[in-house]
């Protein structure tokens, strides 16, 4: 499974981005990512989860997951509009992008 | 019922009800326009002065959280709580004492802050009704940690509160050039809060946004520099400060709402040059020109060129046509590649905001 992750905005305005191929990760870590995606209900989320007006200095996330079989699914979300269940995954991907997680 | 709570409930109940009203309005696809805040009675009975409340989200994402400090309460010992409280006070004082503005809306709107928001939340934001602050990378070990808590920089507190002022005045749309102006205005007044607190002249100030946010593990002084855009940080993990300082380097990007935190470097630098050209304390003249411009001239889609033209004409009105102050404004914008008075000329005026009764009738039309 391939994960394309991008976080932009925030008061710091820094862009954080990474692409993860779970086949190249240690098995335990790949498993963790798979189950985080499932628990967050990622594949059922709509394409856009936005606050109706841009809330100033929020993070903006763009996450595309391409499973081994099946179509890619992309969700763009503002951080305050992201479901609570997505937050740990978003944090993990941010740290992976910073080579810290 | 929600409106009853908003009108009669205690601060935290009002904040919750207002948040819920926000959401239900969202489902109906309608904006809760700034004037409706007054209809719903969120403001204090004017003239009471500052009204601060700080909440603790306890590392979750539900807002506003638990009340931990109210106006009149002494320090709690929780640094984030006390910094949010004091920073809101310093921001209120700048606007009240220097610009005669009573809080964000000019009518004593309560200042609500939530701290300890989220886990590993390296950010602060304004949600339309309140400020929200994370603790940075508190989930990492000290040797890995890059960000401190976001209340540690008083100019960040001023930055967030100023988004509220913008919401009640110009309402600059948060994307592309108007969004970069919106961002710049928050950086400008955030730094003016800090400079006034430290009693620094324009020449003495660092003009760096967000000093104190980075840990020692970061190669950088802050998140942005108004004095030298693009030089605030250059770090192996965080990357390099992407800000331009001149129109010729304007970044046409899709992300960050068209680069609002990036292209803000251009109007930021124009303000810096104006302020150091004038000398003295930046909040007195340069800040006054920018404040009056935001309050009276800027609107939803103002461009950089239009903002330059407006600051120039406001400077002429405040200090005289051909004055040193007006010339400093011209110099400031010239430094970033914008010539005041050129371009398409005066923009079409935006329609004036509707009166209070008109807004109420609109609300009940369904």
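The values are calculated or read from the model by the stated rules, or taken from the named source; none is laboratory data. Model, not experiment: these values are computed from the prediction. Here the Cβ is made from the backbone with ideal geometry for all residues, glycine too, and neighbour counts use every protein chain on show.
Residue by residue, here is whether (1) crowded, with 20+ Cβ neighbours inside 10 Å; (2) over 19 Å from residue A:10 (Cβ atoms); (3) within 16 Å of the chain's Cα centre (by Cα) holds:
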position: B:193; (1), (2), (3): yes, yes, yes
position: B:202; (1), (2), (3): yes, yes, no
position: B:210; (1), (2), (3): yes, no, yes
position: B:222; (1), (2), (3): yes, no, no
Residue within segment B:57-71 that is at pLDDT below 55 and touching a strand residue (DSSP E or B) at 6+ places or on another chain (Cβ under 7 Å) present: no
Some residue of segment B:269-292 being in a helix (DSSP H, G or I), free of Cβ contacts under 8 Å to residues at least 40 places away in the same chain and surrounded by 19 or more Cβ atoms within 10 Å (Cβ to Cβ): no
Whichever residue in segment A:2-44 is touching a strand residue (DSSP E or B) at 6+ places or on another chain (Cβ under 8 Å) and on the phi > 0 side of the Ramachandran plot and, among such residues, is surrounded by the most Cβ atoms within 10 Å (Cβ to Cβ): A:9
Residue list for segment A:53-80, restricted to those being buried (at least 18 other Cβ atoms within 10 Å of the Cβ) and facing chain B (nearest Cβ under 10 Å): A:54, A:55, A:56, A:57, A:58, A:59, A:60, A:78, A:79, A:80
Number of positions in segment A:33-52 that are under 16 Å from residue A:7 (Cβ atoms) and within 11 Å of chain B (Cβ to nearest Cβ): 2
Residue count for segment B:210-234, restricted to those that are within 11 Å of chain A (Cβ to nearest Cβ), outside any strand (DSSP E or B) and within 19 Å of residue A:57 (Cα to Cα): 5
Residues of segment B:124-145 classified as modelled with pLDDT of 95 or more and on the phi > 0 side of the Ramachandran plot, total: 1
Residue that is within 14 Å of chain A (Cβ to nearest Cβ), assigned to a loop (DSSP other than H, G, I, E, B) and surrounded by fewer than 19 Cβ atoms within 10 Å (Cβ to Cβ), where the choices are B:107, B:119, B:48: B:119
Qualifying residue in segment B:145-160 (condition: surrounded by fewer than 23 Cβ atoms within 10 Å (Cβ to Cβ), in a loop (DSSP other than H, G, I, E, B) and facing chain A (nearest Cβ under 10 Å)): yes
Test for residue A:85: is it out of contact with any strand residue (DSSP E or B) (no Cβ under 6 Å at 6 or more places or on another chain), more than 7 Å from chain B (Cβ to nearest Cβ) and assigned to a loop (DSSP other than H, G, I, E, B): no
